[in-house]
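Worksheet: one structure, shown below.
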Amino acid sequence: MKLKVSVIGTGYLGVTHAACMASMGFEVIGVDIDAAKIALLSSGKVPFYEPGLEELLQSQIASGRLTFTTNFNAIAGADIHFICVGTPQSAHSYAADLTYVDAALDEIAPICKPGSLVVGKSTVPVGTAQKLRDRLLKVNPNVDLAWNPEFLREGFAVKDTLHPDRLVVGVTNDAAEEKLKEIYQANLAEKTPWVRADLPTAELVKVAANSFLATKISFINAMAEVCEASGGDVTVLAKAIGYDPRIGSRFLQAGIGFGGGCLPKDIRAFMARAGELGAEQALEFLREIDSINLRARQRVIELVRKDLSDDLSGKKITVLGAAFKPDSDDVRDSPALDIAVQIAAAGATVTIHDPKAIEPARKRFPTLNYSENVESALKGADLVLHLTEWQVYRDLDPVKMKALVTNPIMIDGRNALDRSAWIAAGWKFRALGRTN
């Protein structure tokens, strides 16, 4: 008999995990205190953009395997409870806010049936899982807790859930591991690497992975600064060092840096936790990683001033991209949107286009100008900023686009456009880390 699964929290992680678990044949109940969100999900709609997810959600609701509720008692009979709530950055420090994780545990601890397993998927500071397990066992000694971090990439979340590149499980005993193997038997059949760890190591894997990725991104952006100062070309540099198998070419694309709801807050929370543990110096380098990342945004603004004027008042600037990355409508800590806001604050008239993220951006910054049509957004622009590397922008015809703007100046903040094609079309073309 298939295990019954509950998913606590129906944000990005929770909805994706619930729909994918249902597609693997499990009976799944998603639970959340947000009644409006539950109603929307129950109707087959997803409150954010993720390729393929809404179609998967609808098919699993239609199958009868996936339901949503605000009633926690409805999940009392589940065999496995996945905690998938958010852990945002605290309003007063770099530390993670564990309010939602604590609340989720408090809700389910008294109602879990004997023999069931609570599995944390949220990204939490190391040491959290053990504290939660201790609290759980005090309330309900006939259950257990494990930790199974998620490694989802926005834009590829369905694929990453159904076909992960590895499965990490933090457990304290064989019984918990066996139950998790039962849940992930389809993945094990595909020979997905399985890593059994203790609770602290499982928690550390996610933040360590994100810290490494952030380091690699900021490294190439630091090299871009050196290339600009010396006359080098960071794209050629990245290509050359990427051939080294010890380094690899992924995440070596210089630009305006990383953003989103994970990397920035995760590395900051990691630094905060290291300080609490007395290991602050071990992660001191992450402060510079964070600094380099934020500095890349300022360097784009400096290029804008260099090409137009120190005084941006009255200048019309078009921003291509609002989401922090393509194939997503997530504008949390988006470098693109941050740059747009800062330029607008300096007096420029900013018009933003994005294939999916206009409404989320508008909700956050309603005073900016938005256009649903890329040609309309470009009309009369004194300068164009390419800040999110959507394919639609790579496909633009620079000859046709030149006819729309007042001044054909393109700053490619992602080093993703065909530089030679834009220059051949008569554009003044700039990019971070490239001086010629």
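What helices (runs of 4 or more DSSP H) lie completely within region 342-436 and have 3 or more residues being in the same structural domain as residue 323 (by TED's automatic domain parsing), modelled with pLDDT of 95 or more and over 26 Å from the mean Cα position of the chain (by Cα)? Show your work before the answer.
Numbers: elements: 358-364, 374-378, 391-394, 398-402, 419-424.
Ranges flagged: 374-378, 398-402, 419-424.
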## Note on the structure
Those residues of region 1-13 which are closer than 18 Å to residue 112 by Cβ, at pLDDT 95 or above and outside any strand (DSSP E or B) amount to 9
### Query
Got a number for residues in region 274-317 being over 26 Å from residue 393 (Cβ atoms), in contact (Cβ under 8 Å) with a residue 24 or more places away in the chain and assigned to a loop (DSSP other than H, G, I, E, B)?
3
### Message
Suppose we keep only residues that are in contact (Cβ under 8 Å) with a residue 40 or more places away in the chain and small (Gly, Ala, Ser) within region 371-427. Which one would you say is surrounded by the most Cβ atoms within 10 Å (Cβ to Cβ)?
### Response
413
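What helices (runs of 4 or more DSSP H) completely inside region 166-247 contain at least 1 residues that are under 30 Å from residue 299 (Cβ atoms) and charged (D, E, K, R)?
On the way: elements: 174-183, 185-189, 199-230, 234-242.
Those helices (runs of 4 or more DSSP H) span 199-230, 234-242.
Out of all the residues in region 19-59, which are among the aliphatic types (A, V, I, L, M) and assigned to a helix (DSSP H, G or I)? Walk me through it before giving the result.
To start, the set of residues in region 19-59 that are among the aliphatic types (A, V, I, L, M) comprises 19, 21-22, 24, 28-29, 31, 33, 35-36, 38-41, 46, 53, 56-57.
Result: 19, 21, 22, 35, 36, 38, 39, 40, 41, 53, 56, 57.
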### Lone unmet requirement of (1) buried (at least 16 other Cβ atoms within 10 Å of the Cβ); (2) under 21 Å from residue 429 (Cβ atoms); (3) out of contact with any helix residue (DSSP H, G or I) (no Cβ under 9 Å at 6 or more places or on another chain) for residue 299
(3)
#### Entry: Leading residue by the ranking (farthest from residue 121 (Cα to Cα)) among those in region 88-103 that are among the hydroxyl-bearing types (Ser, Thr, Tyr) and in a helix (DSSP H, G or I)
99
### Summary
residue 185 vs (1) closer than 30 Å to residue 51 by Cβ; (2) surrounded by fewer than 19 Cβ atoms within 10 Å (Cβ to Cβ); (3) touching a residue at least 24 places away in the same chain (Cβ under 8 Å): all pass except (3)
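Taking residue 305, is it at pLDDT 95 or above, charged (D, E, K, R), in contact with a helix residue (DSSP H, G or I) (Cβ under 8 Å, 6 or more places away or on another chain) and in the same structural domain as residue 341 (by TED's automatic domain parsing)?
Working: at pLDDT 95 or above: yes; charged (D, E, K, R): yes; in contact with a helix residue (DSSP H, G or I) (Cβ under 8 Å, 6 or more places away or on another chain): no; in the same structural domain as residue 341 (by TED's automatic domain parsing): yes.
When the stated conditions are applied, residue 305 does not pass them.
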#### Entry: Matching residues, region 31-47, being under 20 Å from residue 83 (Cα atoms) and either among the acidic types (Asp, Glu) or surrounded by 14 or more Cβ atoms within 10 Å (Cβ to Cβ) (or both)
31, 32, 33, 34, 37, 38, 41, 42, 46, 47
### Query
Which condition does residue 251 not pass, out of (1) more than 22 Å from residue 331 (Cβ to Cβ); (2) hydrophobic (A, V, I, L, M, F, W, C); (3) in contact with a Lys or Arg (Cβ under 7 Å, 6 or more places away or on another chain), if it passes all the others?
(1)
#### Entry: Selected residue (criterion: farthest from residue 53 (Cα to Cα)) from residues of region 318-367 that are of a type outside the set (Lys, Arg) and without any contact (Cβ under 8 Å) to a residue 24 or more places away in the chain
345
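The values are calculated or read from the model by the stated rules, or taken from the named source; none is laboratory data. None of these values were measured; they are calculated from a predicted model. Cβ coordinates were reconstructed from backbone atoms using ideal geometry, including for glycine residues, and neighbour counts include every protein chain displayed.
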